[in-house]
Amino acid sequence: MKKLALTVMSLCLAVTMWGQTSAGSEWSPQVKQAATMIKENPAKASEAFEALLKGKNKKNTSLLVEIGRAYLDQGKTAEAAEYAQRAKDVNSKCAVAYLLSGDVALELNDVNKAAVIITRLFIWTRIAAKLILNMHRYIKG
């Protein structure tokens, strides 16, 4: 029952985030290239990811989440959780970082933690949607 509720909430959240594009998508080719090294040579993959995060990209939450997602796709939950946390440290309201944290919890079969994270995220996105709607009404007049 909890997994069904979690799946429904995840789908609702995905629909609300459908129109958003990842600002870090310009880094996708480099992230994918480095992700191919995660299993065979994790040290070299880590170096490649850290090279991407140099300079102004150190605080790029989209890039941090994209790297975390690459680790999660390879089954490296600890590293994925680390990058999700780094993204949350940069921007505590980064929705995709919390979504990644929820996915890590699901991968670790911690359904309760995942449900809490995704429920909070759902509430935040609903609040943001209401604020945007109210702002739109105010601007219209």
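Quick notes on this structure:
- Complete set of residues in the stretch 25-52 that are within 12 Å of LYS76 (Cβ to Cβ), of a type outside the set (Phe, Trp, Tyr) and within 18 Å of the chain's Cα centre (by Cα): ALA35
- Looking across the stretch 1-58, the residues that are in a helix (DSSP H, G or I), aliphatic (A, V, I, L, M) and at pLDDT 60 or above come down to VAL31, ALA34, ALA35, ALA43, ALA45, ALA48, ALA51, LEU52.
- Check on ALA114, touching a residue at least 24 places away in the same chain (Cβ under 8 Å) and touching an Asp or Glu at 6+ places or on another chain (Cβ under 9 Å): yes
- With respect to the conditions (1) crowded, with 22+ Cβ neighbours inside 10 Å; (2) free of Cβ contacts under 8 Å to residues at least 60 places away in the same chain, ARG86 lacks only one, and its number is (1).
The values are calculated or read from the model by the stated rules, or taken from the named source; none is laboratory data. Since the structure is predicted, the reported quantities are computational estimates derived from the model, not experimental observations. FYI the Cβ positions are ideal-geometry reconstructions off the backbone, even for glycines, and counts take in every protein chain you see.
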